[in-house]
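Please treat every number below as a calculation from the coordinates, not as lab data. The structure displayed is predicted, hence computed values, not measured ones. In this analysis, Cβ positions are derived from the backbone assuming ideal geometry, glycine residues included, and neighbour counts consider all displayed protein chains.
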Amino acid sequence: MDVKKEAAWAISNATTGGTRDQIDYLIECNSLPPLIKLLDCTDVRIIKVILEGLENILEIGEEDKKIHGKNLYISHIEQAGGLERIENLQQHPNNEIYEGSVKILERFFDAEDDNLSEEDQEIDLPKLPITNVQIPECKFNLNI
């Protein structure tokens with residue numbers, strides 16, 4: 001397990017300030033699936049490092065939207081089982097891991113935070129035309 005953790009650190013460090021060509025090379029070397037599998041480990045530091053690395057990769061992929069209309073790295077992460085594992089991290093007891101997973105899901109996967117209160121969630125109701133309507137006056141007699 002120590003070798004896997006060191007590899008996770010190395011890959012994550014390579015994504016920090018890495019170029020598109022370097023990220024592409026990491027993906028071609030099939031480094032994402034084992035990295036993503038480590039999101040299931042119990043080491044909080046490793047999970048945070050991996051989330052940061054995935055965020056770095058996805059951030060570089062945002063440049064693809066200008067050319068291709070979508071972030072091409074999203075599909076690589078999804079195919080490696082990353083979306084499901086990142087979603088599962090929303091249940092992690094460590095708040096930093098929870099926040100990191102939510103940040104990635106909201107930013108790159110168009111997810112919403114399921115933990116928002118009802119007051120924080122916007123409800124899209126259809127817009128109805130406002131007309132001047134007379135409400136009839138009702139005289140109820142409840143004295144029975």
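Panel order for 97, 36, 67, 57, by other beta carbons found within 10 Å of each beta carbon, from fewest to most: 67, 97, 36, 57. Note: relative contact order over region 2-108, using C-alpha pairs below 8 Å and six or more positions apart, is 26 percent. The Cβ shell under 11 Å around residue 96 holds other residues with a net charge of +1, Lys and Arg each +1, Asp and Glu each -1. Under the classification rounded if a/c is under 1.5, otherwise prolate if a/b is larger than b/c and oblate if not, where does region 2-108 fall, given a ≥ b ≥ c as square roots of the Cα gyration tensor eigenvalues? Judged from the Cα gyration tensor, region 2-108 comes out oblate (a/c at least 1.5, b/c at or above a/b). Computed over region 51-115, relative contact order equals 24 percent, with contacts defined as Cα pairs under 8 Å that lie 6+ residues apart.
Full extension of the chain between residue 66 and residue 91 yields a length gain of 5.7 nm, computed as 0.36 nm times the residue separation minus the alpha carbon distance. In terms of distances greater than 19 angstrom between alpha carbons, the cross-link table entries 4/48; 4/103; 4/70; 37/65; 5/37 yield 4/103; 4/70; 37/65.
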